[in-house]
1. Please compute the modelled spin-label separation between Asp74 and Asp301, points set 7 Å along Cα→Cβ, answer in nm with one decimal.
2. Glu56 accessible area, nearest 10 Å², 1.4 Å probe?
3. If I stretch the segment between Leu96 and Arg319 completely, what's the gain in nm (0.36 nm per residue apart, minus their alpha carbon distance), one decimal?
4. When the label point is put 7 Å from the Cα of Leu158 along its Cα-to-beta-carbon vector, which residues of segment 224-243 have a backbone N closer than 17 Å?
5. Give me the one-decimal nm value for the distance between modelled label points at Leu219 and His55, 7 Å along each residue's Cα-to-Cβ direction.
6. Nearest 0.05, what FRET efficiency do Leu28 and Thr226 give at R0 = 22 Å with Cβ-Cβ as r?
Amino acid sequence: CFGKSSSSKSWKSKTTSVTVASHGQVSLNSLSGIVILPHDFEEIESSVLQKEGCHEAIGMAKEILDRKTQIKRDALLVLVAACVCYGHAIDSYVLLAEHQNREEEENVTDSTTTIKDAPSKAKSNFTQNNKSEVLDRGLTLISVKRDGSGAPAVTAPLLRQRLGDACNEIGKILLSESRAVLLPQFSPPPDKIGMMANNTFGMSHVSAIMLASAQFWFLEGLARFTEGQDLRNLALLRCNLCQCCKIRANTNVILPGSGSDDASFRKKNNSEFYLQEAVDHLVSAHDAMGQRDGDLTEEWDMVSEELAATLLVLGVRRRQSTLSSSSPE
């Protein structure tokens with residue numbers, strides 16, 4: 001209803017919907033938050049689970065989340081639903097902004113009024129009719145963030161920040177749960193104990209499912225903060241992704257990650273591979289912030305401390321690996 005079909009094709013190619021990103025696993029009818037992308041699913045099957053056990057581990061992960069207290073369960077459901085709605089809202093605003101810009105360009109082309117003068121004349125007419133408040137609301141609805149550097153404008157930056165915040169909170173919940181299910185005092189649902197006794201899967205596999213899902217949400221949040229040029233939250237997301245990598249480095253389960261080309265390397269050097277990935281996330285956070293000044297001093301120091309600790313652990317692991325490989329059998 002907003003123009004030619006070509007505009008809708010352009011809009012679909014830039015969608016921020018988590019439903020699309022999750023390949024339909026997240027929607028208003030599916031709010032568990034568990035997301036295993038196709039390439040991750042294939043790698044989990046080939047590396048840590050029998051084919052029939054992967055689906056059971058995913059089902060177990062969803063059931064564990066569903067058996068939380070009502071407050072915790074509802075909080076997760078609301079966050080996932082908010083992500084779906086925020087994504088749809090952003091896509092709608094982008095489409096409206098593109099349609100509005102196209103109409104303005106056509107009006108400027110067909111009239112003698114310049115682009116610079118058109119907004120002032122329009123505002124003058126609204127003021128004469130006592131409708132300036134309506135105009136202000138319209139401009140706020142399709143908000144655009146420009147930093148003056150000539151970079152592409154960001155449509156609906158506040159909504160992108162809200163979507164990134166929600167994705168980050170979901171990731172934190174799943175990251176916490178991936179740790180909790182490995183604790184000795186954790187008790188799995190009674191009706192699932194028999195399935196685990198058959199050795200089709202264990203709680204380490206359930207933790208792998210939750211951790212892969214947490215990483216999906218962190219990456220979605222990172223993408224939204226990157227689009228909105230929100231450097232503070234971008235640094236926080238990088239730190240959370242670093243925590244995911246550290247857990248993967250300390251587990252015996254090979255979790256989804258990079259492509260299959262380096263799968264043999266990861267199995268041999270699991271800890272080093274994921275610790276290096278953690279370092280890369282933190283270095284990227286520093287690169288995004290540029291330097292330690294302004295309002296990002298606290299975030300810079302936080303990333304620096306995390307980077308120093310991670311490099312120390314990575315150095316120890318590499319030294320241990322070198323000593324073990326050089327020692328006589």
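The values are calculated or read from the model by the stated rules, or taken from the named source; none is laboratory data. Keep in mind that this is a model prediction, so the values were computed, not measured. Please note: Cβ atoms are built from the backbone with ideal geometry, for glycine as well, and neighbour counts cover all protein chains shown. Protein only, heavy atoms only, side chains kept; ligands, DNA and RNA dropped before computing areas. Shrake-Rupley method; radii C 1.70, N 1.55, O 1.52, S 1.80 Å.
1. Inter-label distance under the simple model: 3.9 nm.
2. 60
3. Working: separation 223, 0.36 × 223 = 80.28 nm, distance 5.65 nm.
Length gained between Leu96 and Arg319: 74.6 nm.
4. The answer is 228-230.
5. In this crude label model, Leu219 to His55 measures out at 2.4 nm.
6. Working: r = 26 Å, r/R0 = 1.17.
According to the calculation, E is roughly 0.30.
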